[in-house]
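Novice: First the structure, which I've put down as structure tokens, then a few questions once you've had a look.
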Amino acid sequence: MNALLLSEYRQLQLVDFPVPELSPDEILLRVEACGICGSDVHGYDGSSGRRIPPLIMGHEAAGVIAKVGRDVTDWHVGDRVTFDSTLYCGKCEYCKRGEINLCDSREVFGVSCKDYRRHGAFAEYLAIPTRVMHRLPPELSFTEAAMIEAVSVALHAVSVSGFRQGETALVLGAGMIGTLIVQALRVEGASHIFVADPDKSRVEAARGSGAHTSIHLQKEGSASTPMTTISEKYPEGVDHVFEAVGFGTTVKTAIASVRKGGTVTLVGNIEAEVQLPLQAVVTRQIRLQGSAASAGEYPRAIELMASRQIDVSPLISAVEPLSKGGEAFDRLYRKEPNLIKIILTPNSN
Ligand SMILES: [Zn+2]
Ligand SMILES: [Zn+2]
């Protein structure tokens, strides 16, 4: 089969690779669409340490079942499906509590790190255990379905934040996850959603996805901060901030924008360590909540997308064949303007 192999850092090649063998509980997916994730782009040059070559990346995929393993009864050849990118064990204490994103032996498709290597979906076929599979409704195309993981990540962040209907929120970062958090907050009945980003075109786009007020983030040290805008309506600050960037400066801005007793949910993590305004967090009793991947939000994501309550189409910038994969990674790596998500289609030319 054709596969896009990361043979060394920043080197992607279309290679002939053996079709995966099936275990009794697995199905063989004919991959119709697979999105390039931000984490793939960060791993591609070795900076994250989670894409050690040689590796076939790709974990945001959808397709059709081409073959089923010996013990598989509920899934059939021809079914349109997607899968949870987190492969959990189903047996550890975390899995038993439903916290599958925290599974002790969690593996992610298309990732290789010091503990494991598991090839992903930038290939014509991929073997997947049925416990992580989900069916696709006819309303969702394969390219849209490649966005389910991102929608699940956004829904998970809103879920762990403890957000309640009628509350206010600021979303820092109007990239893909930030924009989807805005849409998720809209669905959950936020009374006012602010969105802030240093990129003007992104903030404008996020307004289209349901934010009430967009804020153009100025450089650090500038007199105007999100709080300048927020305080016109909410002098105390917002109930919730979602930090979807992951820099020290934006974490600081997040803490400065939330009301006393409010919650800052941390989703972005570009920098491994940041400075924390400790006294502000303690004396204002701010809750800092981390959010990792997703844990059971796939069915809800599928339902919200199929009913068009969450619309991912504006976030899909390009759809390309696997042979253009190297070029697509390069465009994302160089941060080409106005490029959000590129989806590769391994089974079409
Ligand atoms: Zn991803
Ligand atoms: Zn587990």
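Novice: Would region 143-155 turn up any residue that is under 22 Å from Ser291 (Cα atoms), of a type in the set (S, T, N, Q) and either away from ligand 2 (no atom under 16 Å from the Cβ) or touching a strand residue (DSSP E or B) at 6+ places or on another chain (Cβ under 6 Å) (or both)?
Specialist: Yes: one or more hits.
Novice: Does region 279-286 include one or more residues that are assigned by TED's automatic domain parsing to the domain that holds Glu167 and modelled with pLDDT under 95?
Specialist: Here is the first cut: in region 279-286, the residues assigned by TED's automatic domain parsing to the domain that holds Glu167 are 279-286.
Retained after the next criterion (residues that are modelled with pLDDT under 95): none.
Within region 279-286 (the criterion being assigned by TED's automatic domain parsing to the domain that holds Glu167 and modelled with pLDDT under 95), the answer is no, since none of the residues qualifies.
Novice: Please indicate, with yes or no, whether at least one residue in region 110-123 is touching a Lys or Arg at 6+ places or on another chain (Cβ under 8 Å), more than 30 Å from Leu217 (Cα to Cα), surrounded by fewer than 19 Cβ atoms within 10 Å (Cβ to Cβ) and not assigned by TED's automatic domain parsing to the domain that holds Gly262. Step through it out loud before you land on a result.
Specialist: Going residue by residue through region 110-123, those that are touching a Lys or Arg at 6+ places or on another chain (Cβ under 8 Å) are 110-113.
Subsequent filtering for residues that are more than 30 Å from Leu217 (Cα to Cα) retains 110-113.
Adding the requirement that they be surrounded by fewer than 19 Cβ atoms within 10 Å (Cβ to Cβ) leaves 113.
When the remaining residues are screened for being not assigned by TED's automatic domain parsing to the domain that holds Gly262, the result is 113.
Yes, there is a match, as at least one residue in region 110-123 is touching a Lys or Arg at 6+ places or on another chain (Cβ under 8 Å), more than 30 Å from Leu217 (Cα to Cα), surrounded by fewer than 19 Cβ atoms within 10 Å (Cβ to Cβ) and not assigned by TED's automatic domain parsing to the domain that holds Gly262.
Novice: Against the condition surrounded by fewer than 19 Cβ atoms within 10 Å (Cβ to Cβ) and among the β-branched types (Val, Ile, Thr), how does Val77 come out, does it pass?
Specialist: Details: surrounded by fewer than 19 Cβ atoms within 10 Å (Cβ to Cβ): yes; among the β-branched types (Val, Ile, Thr): yes.
Judged against the criteria, Val77 is a match.
Novice: Output the residue which, of all residues in region 96-108 that are in a helix (DSSP H, G or I) and within 12 Å of Ala293 (Cβ to Cβ), is farthest from ligand 2 (Cβ to nearest atom).
Specialist: Here is the first cut: in region 96-108, the ones in a helix (DSSP H, G or I) are 96, 100-102.
Next, only the ones that are within 12 Å of Ala293 (Cβ to Cβ) stay: 100-102.
Values: Ile100: 7, Asn101: 10, Leu102: 8 Å.
Within region 96-108, the match that is farthest from ligand 2 (Cβ to nearest atom) is Asn101.
Novice: Given the condition under 19 Å from Ser39 (Cα atoms) and not small (Gly, Ala, Ser), answer yes or no: does some residue in region 273-287 qualify? Give the steps one after another, and end with the answer.
Specialist: Start the filter on region 273-287 by keeping residues that are under 19 Å from Ser39 (Cα atoms), which leaves 273.
Filter again for not small (Gly, Ala, Ser), leaving 273.
Yes, region 273-287 contains at least one residue that is under 19 Å from Ser39 (Cα atoms) and not small (Gly, Ala, Ser).
Novice: Now, a different point. Check Ala62 against each of (1) within 16 Å of ligand 2 (Cβ to nearest atom); (2) in contact with a helix residue (DSSP H, G or I) (Cβ under 6 Å, 6 or more places away or on another chain) and name the one condition it does not meet.
Specialist: It fails just one condition, (1).
Yes or no, residue by residue, for (1) more than 19 Å from Ala318 (Cβ to Cβ); (2) under 23 Å from the mean Cα position of the chain (by Cα):
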| position | (1), (2) |
| --- | --- |
| Ser23 | yes, no |
| Ser48 | yes, yes |
| Pro54 | yes, no |
| Met57 | no, yes |
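Novice: In region 48-82, how many residues are closer than 25 Å to Lys114 by Cβ, more than 16 Å from ligand 1 (Cβ to nearest atom) and free of Cβ contacts under 8 Å to residues at least 60 places away in the same chain?
Specialist: The initial filter retains those residues of region 48-82 that are closer than 25 Å to Lys114 by Cβ, namely 48-61.
Next, only the ones that are more than 16 Å from ligand 1 (Cβ to nearest atom) stay: 49, 52-54.
Add one more test, that the residue is free of Cβ contacts under 8 Å to residues at least 60 places away in the same chain, and what stays is 53-54.
Final tally of qualifying residues: 2.
Novice: In this structure, is Ala174 farther than 24 Å from Ile100 by Cβ and assigned by TED's automatic domain parsing to the domain that holds Asn269? Walk me through how you get there before you give the answer.
Specialist: Values: farther than 24 Å from Ile100 by Cβ: yes; assigned by TED's automatic domain parsing to the domain that holds Asn269: yes.
Spelling it out, Ala174 is indeed farther than 24 Å from Ile100 by Cβ and assigned by TED's automatic domain parsing to the domain that holds Asn269.
Novice: Six or more apart or on different chains, Cβ under 9 Å: which pairs go from a residue in region 136-163 that's under 12 Å from Cys34 (Cα atoms) to one that's open to solvent by 10 Å² or more (accessible area, probe 1.4 Å) and within 16 Å of ligand 2 (Cβ to nearest atom)? Could you list them?
Specialist: Glu149/Ala293
Novice: Just to check your reading of the model, which residue among Ile36, Ile27 is under 18 Å from Gly63 (Cβ atoms), β-branched (Val, Ile, Thr), away from ligand 1 (no atom under 16 Å from the Cβ) and surrounded by 16 or more Cβ atoms within 10 Å (Cβ to Cβ)?
Specialist: Details: Ile36 fails: away from ligand 1 (no atom under 16 Å from the Cβ).
Answer to the selection: Ile27.
Novice: Has region 85-95 got at least one residue that is assigned to a loop (DSSP other than H, G, I, E, B) and within 20 Å of Arg30 (Cβ to Cβ)? Steps first, please.
Specialist: At the first step, the residues of region 85-95 found to be assigned to a loop (DSSP other than H, G, I, E, B) are 85, 88-92.
Keeping just the survivors that are within 20 Å of Arg30 (Cβ to Cβ) gives 85.
The answer is yes; a qualifying residue exists.
Novice: Please specify each residue of region 54-74 satisfying the condition of being surrounded by fewer than 17 Cβ atoms within 10 Å (Cβ to Cβ) and in a loop (DSSP other than H, G, I, E, B).
Specialist: Selection gives Pro54, Arg70, Asp71, Thr73, Asp74.
The values are calculated or read from the model by the stated rules, or taken from the named source; none is laboratory data. For clarity, every value in this text was computed on a predicted model and none was experimentally measured. Note that we place each Cβ from the backbone using ideal geometry, even for glycine, and neighbour counts take in every protein chain shown. Each accessible area value is taken on the protein alone, full model and side chains, heavy atoms only, with ligands, DNA and RNA left out. Shrake-Rupley method; radii C 1.70, N 1.55, O 1.52, S 1.80 Å.
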